[in-house]
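Report on the following structure.
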Amino acid sequence: MILKTYSRLFSADCDVTLDTLERLHGRKPHLRFRFGEWDLAGIDDMFVVAGTEESLAPIRDSHGPVIVRDLEAVQAQLLASGATITQPIVEVPTGRMLYARHVDGLHIEYVEWTAELVETFVRAPQREGRLASEL
């Protein structure tokens, strides 16, 4: 069900954060886009979410994103395990997402990527013998 996981990093300035991460990883981000008030970037298994303190406040306690194959199936599993959906499924630039609070209190973002992104960042690397974490 899970295709890829990221560690979320909160930042006030995406460019400044990426300057350091690009040096450490030796590459540019594989994803970079703006969504609402946030600048977002994926580099290897790190996902930068940059914005003001106010704009980041609603998701400061969250983890992820966790990239999944089938968001409805994940939602059903989450609900069956007692989780609460805190953000119902919505369209986002990379596909669709939801937020859920697990019974243990963990707050996690789950994302179902578009078919194009799954092919580019999961399936193609797999065929080449690389892990999705080696992007």
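The values are calculated or read from the model by the stated rules, or taken from the named source; none is laboratory data. Values in this document were obtained by computation on a predicted structure and should not be read as measured data. All Cβ positions, even for glycine, are placed from backbone atoms using ideal geometry, and neighbour counts span all protein chains on display. These area figures cover heavy atoms from the full protein model, side chains too; ligands, DNA and RNA do not enter into them. Shrake-Rupley method; radii C 1.70, N 1.55, O 1.52, S 1.80 Å.
Numbers below:
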| read-out | value |
| --- | --- |
| Enumeration of residues in segment 42-52 that are over 16 Å from residue 97 (Cβ atoms) and either out of contact with any helix residue (DSSP H, G or I) (no Cβ under 9 Å at 6 or more places or on another chain) or surrounded by fewer than 13 Cβ atoms within 10 Å (Cβ to Cβ) (or both) | 52 |
| So residue 85, is it farther than 30 Å from residue 124 by Cβ, part of a strand (DSSP E or B) and open to solvent by less than 50 Å² (accessible area, probe 1.4 Å) | yes |
| Hey, residue 22 in contact with a Lys or Arg (Cβ under 7 Å, 6 or more places away or on another chain), modelled with pLDDT of 95 or more and either of a type in the set (S, T, N, Q) or assigned to a helix (DSSP H, G or I) (or both) or not | yes |
| For residue 111: the one exception among (1) more than 26 Å from residue 131 (Cβ to Cβ); (2) part of a strand (DSSP E or B); (3) open to solvent by less than 20 Å² (accessible area, probe 1.4 Å) | (1) |
| Out of 76, 100, 80, sole residue that is among the aliphatic types (A, V, I, L, M) and crowded, with 19+ Cβ neighbours inside 10 Å | 100 |
| Some residue of segment 27-34 being farther than 21 Å from residue 114 by Cα and either at pLDDT below 95 or outside any loop (DSSP other than H, G, I, E, B) (or both) | yes |
| Which listed residue is outside any helix (DSSP H, G or I) and closer than 26 Å to residue 13 by Cβ, from 42, 129 | 42 |
| Criterion: in a helix (DSSP H, G or I), out of contact with any Lys or Arg (no Cβ under 6 Å at 6 or more places or on another chain), at pLDDT below 95 and not aromatic (Phe, Trp, Tyr) - qualifying residue of 124, 73 | 124 |
| Cβ-Cβ under 6 Å pairs, at least 6 apart or on other chains, segment 72-96 side more than 14 Å from residue 114 (Cα to Cα), far side aromatic (Phe, Trp, Tyr) and part of a strand (DSSP E or B) | 74/110; 86/99; 87/99 |
| Filtered residue count, segment 24-39, keeping only those that are over 16 Å from residue 11 (Cα atoms), under 16 Å from the mean Cα position of the chain (by Cα) and among the charged types (D, E, K, R) | 0 |
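Yes or no, residue by residue, for (1) buried (at least 18 other Cβ atoms within 10 Å of the Cβ); (2) hydroxyl-bearing (Ser, Thr, Tyr):
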{"position": "17", "(1), (2)": "yes, yes"}
{"position": "21", "(1), (2)": "yes, no"}
{"position": "25", "(1), (2)": "no, no"}
{"position": "29", "(1), (2)": "yes, no"}
{"position": "36", "(1), (2)": "no, no"}
{"position": "40", "(1), (2)": "yes, no"}
{"position": "54", "(1), (2)": "no, no"}
{"position": "67", "(1), (2)": "yes, no"}
{"position": "96", "(1), (2)": "no, no"}
